[in-house]
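Q: Below is a structure I'd like to ask you about.
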Amino acid sequence: MPLYEHVFLARQDLAQAQVDALAENAATIITENGGTIAKTETWGLRSLAYRIAKNRKAHYVLMDIDAPAAAMAELERQSGINEDIIRFMTIRVEDHEKGPSAMMRRSERDRERGPRGDRPDRGDRPDRAERAPREDVEA
């Protein structure tokens, strides 16, 4: 069966339990139509680049799906009808990404940096005062 990645954005005023119920509903649609869910990731409440239907933020959810095209068509139809889902996108992929997605790896990296986003020490780089002046620039 073909492999898909399905991402949907839920309204900002929903509780996390309601967002989980939306993801469970999507999983039910897929399994009833002969597909399987490989992975579901909730990326949390994130800011949008621009307002969508008066929402400045949205709950993001990613689902890795192995299902026939008819199941995906039904999922997209139901997502378009549901008023709690403000946007969705389905992409057919060759294979699913192993481990956490890029968004989850990014959040882990941000947690490692600390509260101010401090970068690790760059000991291999000399201080600015030790650098030689450029000769091609006139003073």
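Q: Just name the residue that is farthest from the chain's Cα centre (by Cα) out of those in region 40-53 that are of a type outside the set (D, E, K, R) and surrounded by 13 or more Cβ atoms within 10 Å (Cβ to Cβ).
A: Within region 40-53, the match that is farthest from the chain's Cα centre (by Cα) is Ile52.
Q: May I ask you to verify whether Arg105 is within 18 Å of the chain's Cα centre (by Cα), exposed (fewer than 11 other Cβ atoms within 10 Å of the Cβ) and either modelled with pLDDT of 90 or more or over 16 Å from Met1 (Cα atoms) (or both)?
A: Criteria not met by Arg105.
Q: On to the next question. Quick check on Asp84: is it more than 21 Å from Ala23 (Cα to Cα) and either in contact with a helix residue (DSSP H, G or I) (Cβ under 7 Å, 6 or more places away or on another chain) or at pLDDT below 90 (or both)?
A: no
Q: Working only within region 2-20, note down all residues that are of a type in the set (A, V, I, L, M), out of contact with any helix residue (DSSP H, G or I) (no Cβ under 6 Å at 6 or more places or on another chain) and surrounded by 13 or more Cβ atoms within 10 Å (Cβ to Cβ).
A: Leu3, Val7, Leu9, Leu14, Val19
Q: When the residues of region 51-70 are narrowed to those that are touching a residue at least 60 places away in the same chain (Cβ under 8 Å) and in contact with an Asp or Glu (Cβ under 8 Å, 6 or more places away or on another chain), which ends up farthest from Glu32 (Cα to Cα)?
A: Asp64
Q: Sticking with this structure for a sec: Could you tell me whether Arg56 is surrounded by fewer than 19 Cβ atoms within 10 Å (Cβ to Cβ), more than 16 Å from the chain's Cα centre (by Cα) and in a strand (DSSP E or B)?
A: Yes; evaluated as a whole, the condition is true for this residue.
Q: Can you tell me which residue among Ile85, Ile30, Ile37 is farther than 26 Å from Arg105 by Cα and over 14 Å from the mean Cα position of the chain (by Cα)?
A: Ile30
The values are calculated or read from the model by the stated rules, or taken from the named source; none is laboratory data. A quick note: this is a predicted structure, and the numbers were derived from the prediction, not measured. Ideal geometry is used to build each Cβ from the backbone, glycine not excepted, and the neighbour counts take in all protein chains shown.
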